[in-house]
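*Asks:* This is the structure, below, for whatever I ask next.
Taken together, the values in this text are just the output of simple stated rules run on the coordinates, not laboratory data. Keep in mind that this is a model prediction, so the values were computed, not measured. Neighbour counts run over all protein chains shown; Cβ positions are idealised from the backbone, glycine included.
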Amino acid sequence: MAKETPFFRGPYGTSSGACAMPLNKKNILLIANGERPGKALVERVRRKADFIIAVDGGLAHCHHYNISPDRLIGDLDSYNPEHARVLKTENIIRVPDQNQTDLQKALAYVQDLDPAGVMIIGALGGRADHSLANLIIVNNHEEEWPLWIYDNRGCFTLLGEGRHTLDDPPGTTVSLFTLSGAAGVHTQGFKYPVRTESLDASFIGVSNVIREKPAHISIGSGKILLYRQWD
């Protein structure tokens with residue numbers, strides 16, 4: 001039987017309004033080295049974060065917003081050492097492996113922390129190849145904990161097998177993508193319903209609209225990359 005999963009509008013808010021964060025687990029924020037996130041976004045996610053990691057040159061964004069990260073991780077080829085003065089030496093972690101991006105290295109480190117969930121900012125915008133790589137990283141996410149990647153107007157998250165509840169108000173714009181295929185996909189409460197046996201690995205469902213609260217997305221197998229727009 002497919003499991004039912006509440007879709008988190010912002011980290012750890014569920015369709016019932018209850019807190020979904022497991023006890024003693026941390027909400028982790030990764031600040032990457034892409035386009036500088038806007039002040040409103042930084043404030044939105046920072047207040048949810050228990051542990052902050054600067055991903056290499058993302059330390060510059062921390063410096064700009066007067067954020068003292070708990071860790072600095074990456075191959076350390078793009079950070080400013082002057083900005084690292086706020087960190088103890090043991091909290092600066094150099095991973096020279098060039099077969100992984102700095103974001104992949106940070107997520108590998110996070111995995112050992114057994115987080116409640118991970119938020120990523122500063123990973124979209126700027127270089128298009130980096131943005132695409134980061135979305136593929138999200139699509140390849142296999143851990144139990146949820147992962148969100150934000151830009152200044154919304155958020156991507158990955159939905160796997162099961163029935164997912166979206167507790168967003170009617171009128172919210174959402175887009176659905178498959179980068180690796182999905183089957184048995186059914187939506188409820190959307191302006192443009194999706195009911196299909198299978199979606200290939202290039203499905204693009206841009207600018208759908210939530211009509212009912214709550215709305216639902218059921219996935220028999222595979223996964224969908226969901227983007228929810230805030231404005």
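*Asks:* So what is the 222 nm mean residue ellipticity for the chain from helices alone, if each DSSP H run of at least 4 adds -39500 (n - 2.57) and you divide by all residues, rounding to the nearest 500 deg cm²/dmol?
*Replies:* On the way: 4 runs with 36 residues, N = 231.
Calculated from helices alone, the mean residue ellipticity at 222 nm is -4500 deg cm²/dmol.
*Asks:* Of the candidates Leu59, Leu76, Leu87, which one comes out as most mobile in a Gaussian network treatment of the chain with C-alpha springs shorter than 10 Å?
*Replies:* In this elastic network of the chain, the residue with the biggest mean-square fluctuation among Leu59, Leu76, Leu87 is Leu87.
*Asks:* Additional query: If you wrap a convex hull around the Cα atoms of the stretch 112-231, how much volume per residue is inside, in Å³?
*Replies:* On the way: hull volume 12.7 nm³, N = 120.
About 105 Å³ per residue, rounded to a whole number.
*Asks:* Where does each of Trp148, Trp230 land when they are ranked from fewest to most other beta-carbon atoms within 10 angstrom?
*Replies:* Listing Trp148, Trp230 from fewest to most nearby Cβ atoms yields Trp230, Trp148.
*Asks:* Which one of Gly117, Ala128, Gln104 has its Cα pushed farthest toward the positive end of the charge dipole of the stretch 20-151, where Lys and Arg give +1 and Asp and Glu give -1 at the Cβ?
*Replies:* Checking the options against the dipole of the stretch 20-151, the answer is Gly117.
*Asks:* Pick out which of Arg163, Arg71, Arg85 has the largest mean-square fluctuation in a Gaussian network model of the chain, springs linking Cα atoms closer than 10 Å.
*Replies:* Arg85
*Asks:* Taking amide H atoms as placed 1.01 Å from N in the peptide plane, list the residues 5 or more away in sequence, or in a different chain, whose amide H sits under 5 Å from that of Asn27.
*Replies:* Asp50, Phe51, Ala116
*Asks:* Give the separation of the Cα centroids, the stretch 162-217 to the stretch 139-161, in Å.
*Replies:* 15
*Asks:* Continuing with the same structure: Can you classify the stretch 73-147 as rounded, prolate or oblate using the Cα gyration tensor, where a ≥ b ≥ c are the square roots of its eigenvalues, rounded means a/c under 1.5, and otherwise it's prolate if a/b beats b/c and oblate if not? Present the calculation step by step, with values, prior to reporting the outcome.
*Replies:* On the way: a/c = 1.83, a/b = 1.26, b/c = 1.46.
Note, shape of the stretch 73-147 comes out oblate.
*Asks:* Using just the Cα positions, wrap the chain in a convex hull and report its mean projected area in square nanometres, one decimal place. Display every interim value, and only then the final one.
*Replies:* Working: hull surface 50.4 nm².
Dividing the Cα hull surface by four gives the mean projection, 12.6 nm².
*Asks:* While we're looking at this one, here's another question. Calculate the spin-label point distance for Glu143 paired with Thr196, positioning each point 7 Å from the Cα along the beta-carbon direction, and give it in nanometres.
*Replies:* It is 3.1 nm.
*Asks:* Taking R0 as 25 Å, what FRET efficiency do you get between Asn91 and Asp129 from their Cβ-Cβ distance, rounded to the nearest 0.05?
*Replies:* Numbers: r = 30 Å, r/R0 = 1.19.
According to the calculation, E is roughly 0.25.
*Asks:* In terms of the Cα gyration tensor, with a ≥ b ≥ c the square roots of its eigenvalues, is the stretch 123-182 rounded because a/c is under 1.5, prolate because a/b exceeds b/c, or oblate? Let's see the in-between values first.
*Replies:* Working: a/c = 1.89, a/b = 1.19, b/c = 1.58.
Oblate, because a/c is 1.5 or more while a/b does not exceed b/c.
*Asks:* Could you tell me what percent of the DSSP beta bridges with both partners in the chain are antiparallel, to the nearest 5?
*Replies:* On the way: 33 of 55 bridges.
Counting DSSP beta bridges with both partners in the chain, the antiparallel share is about 60 percent.
*Asks:* Could you compute the net charge surrounding Lys105? Neighbours are other residues with a C-beta less than 9 Å from the C-beta of Lys105; K and R count +1, D and E count -1. If you can, show how the numbers build up before the last one.
*Replies:* Numbers: positive: none; negative: Asp56, Asp75, Asp97, Asp102.
The answer is -4.
*Asks:* What FRET efficiency would be calculated for the residue pair Ser207, Lys39, taking the C-beta separation as r and a Förster radius of 22 Å, to the nearest 0.05?
*Replies:* Numbers: r = 26 Å, r/R0 = 1.20.
That pair, Ser207 with Lys39, gives E of 0.25.
*Asks:* Which value, in Å to one decimal place, does the Kirkwood hydrodynamic radius take for the stretch 20-151 when every pair of different Cα atoms is included? Kindly include the intermediate steps, with their values, before the conclusion.
*Replies:* Numbers: mean 1/r = 0.0683 Å⁻¹.
Value: 14.6 Å, from the Cα pair sum.
*Asks:* Here's a follow-up. If you place +1 on the Cβ of every Lys and Arg and -1 on the Cβ of every Asp and Glu, how big does the dipole about the Cα centre of the stretch 160-231 come out, in debye to the nearest 20? If you can, show how the numbers build up before the last one.
*Replies:* Details: 7 positive and 7 negative charges, 22 e Å.
Result for the stretch 160-231 is approximately 100 debye, rounded to the nearest 20.
*Asks:* Now a separate question. Counting only residues 5 or more places away or on other chains, whose amide H sits under 5 Å from the amide H of Ile120 once H atoms are built in the peptide plane?
*Replies:* Leu30, Trp148, Ile149, Tyr150
*Asks:* Could I ask something else about it? Highest GNM mean-square fluctuation, the chain, Cα pairs closer than 10 Å: which of Gly117, Gly189, Gly74?
*Replies:* Gly189
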